Amino acid sequence: MSQSTREVILHCSLIDGVGPAVLARLQRFLPQCSFPDLYQWRIADFIERIGFSERLSKLFVDGLRCKAMLDRELHLLERHQISWVVLGEDDYPALLREIYLPPTILYWCGASPHGAERAVAFVGSRQAGDYARRVVETLVPGALSAGAVIVSGGAIGADTMAHEAALCAGGKTVAVLGSGLLRPYPAVNKRLFDRIVASGGTLLSSFSLGTAALPGHFPARNRIISGMCQATVVVQAAEKSGARITALQALEQGRTVCVVPGDIFNPLSVGCHRLLEEGATPVTSATDLLRALGWEVCEDMSSESTAKSASTTDPLVFFCRVPRTFDELLHEVPVPAVEMQDRLFNLQITGAILQDFTGRWVSTQAI
């Protein structure tokens, strides 16, 4: 695809009221080489050649007349070193292109999402608690051991737990946002997003760079999360929740849905148990997850063997007698940040330390 064609399609995607369905129709009826000609089209051309309504045709004519809109987006892409891909190009994620009406444009920071062919989504409630954290920290390392990339939505709660578990285990993770990359949401996770990119992961969005997070954007984000993954794992979800909707979208897309059973007295288990009633695959271990995907199971990948590798004699346990932040621990034990993440993760698996509600690390012996 020529650069001029790419830029015209990008320009069209920036027009308010023009979505993937409209752009898919335009791409279906118009040869790639003809896209630059759209700047000379009149309202009648869109009506006669593509079959658009008069209102939609006027949107295109008026929108394409505003070249400043495209110039501004291209300037921001270059200034912030953000990459982008058009549906149909080689760098577009292979699994995602298979879903119904995939997004026409994808923006990303960090590694190309095209390399995440073996991807697993972890989703759950924003109110997810310690149970969800223990589940994620048990399942994520097993998925990573099989070569998976961990995908989630960057939100607080279960999403953050999944991304952090992947980072602590030295794996790759993709955060799919419901906002533009220059307005990452939630803002409180900005540091997490920076860590994801710095570790070789990806920050991904289908929204133009300056787009704010709006409630209507999250269903579209959820379709991308499930669409680019072979499986979606639900760790905690209320009966009416975004996680449950993501799982249902995954089923519609013909993907595997795995659900971790929960406490029958917890409202955040209702959505999980409903999905199990509807045919989702129950998983209680990393081995269950890999078998559900048909992936090879390594004998030493269980959480039990991971836990055995951690030593409660680690000096970090001593320093965590008083709650410590990650940076404070780096000051006390001057090791590379990646090594610190690994050691904290292993100690957490053994139950020697945990994170309190402020995110500080504390020895369980001090509680």
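FYI, it's all coordinate maths here, none of it is from the lab. What you see is a predicted model; the values in this text were computed from it and never measured. Positions of Cβ are generated from backbone atoms using ideal geometry, with glycine treated the same way; all protein chains shown enter the neighbour counts.
List of remarks:
- Put simply, the amide H of A155, placed in the peptide plane, has neighbours under 5 Å in T160, leaving out anything fewer than 5 places away on its chain.
- Taking other Cβ atoms within 10 Å as a rough exposure proxy, Y107, Y39 sort from fewest to most as Y39, Y107.
- Distance distribution P(r), the stretch 1-138, all Cα-Cα pairs, bin width 10 angstrom from 0: 10, 35, 29, 16, 8, 3 percent.
- GNM top mover of V338, V197, V151 - the chain, alpha-carbon springs below 10 Å: V338
- Leading residue at positive end of dipole, the chain (Cβ point charges), from A250, F122, G19: G19
- Dmax and Rg, reported as Rg then Dmax, of the stretch 113-300 (C-alpha, Å): 15.0, 47
- Beta bridges from DSSP with both residues in the chain: antiparallel share about 40 percent, rounded to the nearest 5.
- Dipole of the chain computed with +1 at Lys/Arg Cβ and -1 at Asp/Glu Cβ about the Cα centre; of I47, L10, A198, farthest Cα towards the positive end is I47.
- GNM top mover of I47, I245, I99 - the chain, alpha-carbon springs below 10 Å: I47
- Spatial extent of the stretch 3-78: Rg and Dmax, with the Cα atoms as the point set, Å: 11.7, 37
- Hydrodynamic radius of the chain by the Kirkwood approach over all distinct alpha-carbon pairs: 21.9 Å.
- Choice from P93, P113, P215 showing the highest fluctuation, given a GNM over the chain with Cα pairs closer than 10 Å: P215
- Karplus-based coupling profile of the stretch 81-92, in residue order and whole Hz: 6, 9, 8, 8, 9, 9, 3, x, 8, 5, 6, 6, with θ = phi - 60° in 6.51 cos²θ - 1.76 cosθ + 1.60 and x standing for Gly or Pro.
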